[in-house]
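Visitor: One structure, as structure tokens, below. Some questions next.
The values are calculated or read from the model by the stated rules, or taken from the named source; none is laboratory data. Note that this is a predicted model, so its numbers are computed, not measured. Here the Cβ positions follow ideal geometry from the backbone for every residue, glycine too, while neighbour counts run over all protein chains shown. With ligands, DNA and RNA removed, areas are computed over all heavy atoms of the protein, side chains included. Shrake-Rupley method; radii C 1.70, N 1.55, O 1.52, S 1.80 Å.
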Amino acid sequence: MAHGIFITGTGTEIGKTVIAGGLAAALKHARTNVGVMKPISTGDIADAQFLKHAAHVDDELAAINPIYLRHPLAPSVAARIENREIDLSCIETGFAALQQKYDFVIVEGVGGIAVPLRDDFLVAHLIHQLRLPVLIVAAAGLGTLNHTLLTVAFAQRFGLQIAGIVLNRHIPEAAGLAEATNPVEIEKLTDIPVIGVVPYEKRLDTAQPDPAFLADFMNQHIAWRKLGIL
Ligand SMILES: Nc1ncnc2c1ncn2[C@@H]1O[C@H](COP(=O)(O)OP(=O)(O)OP(=O)(O)O)[C@@H](O)[C@H]1O
Ligand SMILES: [Mg+2]
């Protein structure tokens, strides 16, 4: 089993936190010593709070989320407005500390893989620096082929190891023909396993869902074993 995983997405609000929290809760339930990290958040620290709750860890929020920018913008833009420079070394140090403490660390990105942390440093660079395999969260329905293929191509350009793709119905819509055909198409076009299709579930659409339910629900819909996990 790898020492951790980086959860990215085809965009913002696609379900990275819900899937990352789901994996954390599932691993915790299976008695894995699992930690979580959201290196950079902008706008609020809700993701770090969600992940801390799902993984049931005692770390300070500042250890889970070392960099917080007030403006809900791409980090490089928020930093410029706030007259700050993002300290990338504190992410590395924070991640190393969590790696010491935990057997497996789940790291959630910010937005999608090409989002700038600095003008010359994107989320993809951060993934490369942390040496983690990537799990891509994509929407389940129409439009996802394009977004997923672009994300995969971008990750491959950076030499990242893509462990798998999760299709997530992040909005309450009916599962249509696109959702039914997407998994096979994506596997055929990318040669990367689609390890699950997660339906919309109202009980997950909350700041702190019950971790036992979260674990159960994700285990039902995601084949973690295809990543060599669980
Ligand atoms: N399968 C699902 N069922 C119900 N609600 C979901 C599901 N997936 C995501 N959501 C909801 O959709 C919204 C976006 O999900 P989430 O916060 O996980 O996205 P994200 O990719 O982490 O966003 P960000 O880019 O802000 O970090 C949240 O309100 C979340 O509760
Ligand atoms: Mg999130």
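Visitor: Once the Cβ-Cβ distance between Glu187 and Leu142 is put in as r, and R0 is 22 Å, what FRET efficiency do you end up with, to the nearest 0.05? It would help to have the intermediate numbers written out before the result.
Guide: Working: r = 18 Å, r/R0 = 0.80.
After rounding, the FRET efficiency stands at 0.80.
Visitor: Provide the FRET efficiency to the nearest 0.05 for the Ala174-Thr206 pair, computing r from the beta carbons and using R0 = 22 Å. Show your work: numbers first, answer last.
Guide: Details: r = 22 Å, r/R0 = 0.98.
The pair Ala174/Thr206 has a calculated efficiency of 0.55.
Visitor: What is the Cα centroid distance between the range 72-131 and the range 149-187, reported in whole angstrom?
Guide: 23
Visitor: Further question: Roughly speaking, what is the stretch gain from Arg131 to Gln156, that is 0.36 nm per residue apart minus the C-alpha to C-alpha distance, in nm to one decimal? Can you show the working numbers first?
Guide: Numbers: separation 25, 0.36 × 25 = 9.00 nm, distance 1.38 nm.
Gain on stretching Arg131 to Gln156: 7.6 nm.
Visitor: Here's a follow-up. When only C-alpha pairs under 8 Å and at least 6 residues apart count, what is the relative contact order of the range 4-227, in percent? Intermediate values should be presented prior to the final figure.
Guide: Working: 442 pairs, mean separation 59.4, N = 224.
Result for the range 4-227 is 27 percent.
Visitor: Rolling a 1.4 Å sphere over the protein heavy atoms, what is the accessible area per residue of the chain, to the nearest Å²?
Guide: Values: 10520 Å² over 230 residues.
Per residue, the chain has an accessible area of 46 Å².
Visitor: Additional query: Which length gain, in nm to one decimal place, applies between Glu92 and His3 when the Cα-Cα distance is subtracted from 0.36 nm times their residue separation? Before the final figure, lay out each step's value.
Guide: Working: separation 89, 0.36 × 89 = 32.04 nm, distance 1.49 nm.
Working it through step by step, the gained length comes to 30.5 nm.
Visitor: Which ³J(HN,Hα) values in Hz, rounded to whole numbers, follow from the phi angles of the range 30-44 under the Karplus curve 6.51 cos²θ - 1.76 cosθ + 1.60, where θ = phi - 60° and Gly and Pro get x?
Guide: Going residue by residue, I get 8, 6, 7, 7, 10, x, 10, 8, 10, x, 10, 10, 10, x, 7 Hz, with x marking Gly and Pro.
Visitor: Checking a compactness column here: for the chain, what do you get for Rg(Cα) / (2.2 N^0.38 Å), N being the number of residues?
Guide: 0.94
Visitor: A follow-up question, please. Taking the Cα centre of the chain as the origin, how large is its charge dipole in debye, to the nearest 20, when only Lys and Arg (+1) and Asp and Glu (-1) carry charge on their Cβ atoms? Write out the running numbers ahead of the final one.
Guide: Working: 18 positive and 23 negative charges, 62 e Å.
Dipole of the chain, to the nearest 20 debye: 300 debye.
Visitor: Please work out how many pairs of lysine residues in the chain are eight or more positions apart (or on different chains) and have Cα atoms closer than 15 angstrom. Each step should come with its number before you reach the end.
Guide: Working: Lys16/Lys38; Lys16/Lys52; Lys28/Lys52; Lys28/Lys101; Lys38/Lys52; Lys52/Lys101.
Pairs that pass both the separation and distance tests number 6.
Visitor: Rounding to the nearest 20 debye, state how big the charge dipole of the range 1-107 is about its Cα centre with +1 on each Lys and Arg Cβ and -1 on each Asp and Glu Cβ.
Guide: Details: 9 positive and 11 negative charges, 43 e Å.
I would put it at about 200 debye.
Visitor: Contour minus end-to-end for Phe121 and Arg84, with contour as 0.36 nm per residue of separation and end-to-end as the Cα-Cα distance? Don't skip to the end; give the middle numbers.
Guide: Working: separation 37, 0.36 × 37 = 13.32 nm, distance 1.51 nm.
Gain in length upon complete extension: 11.8 nm.
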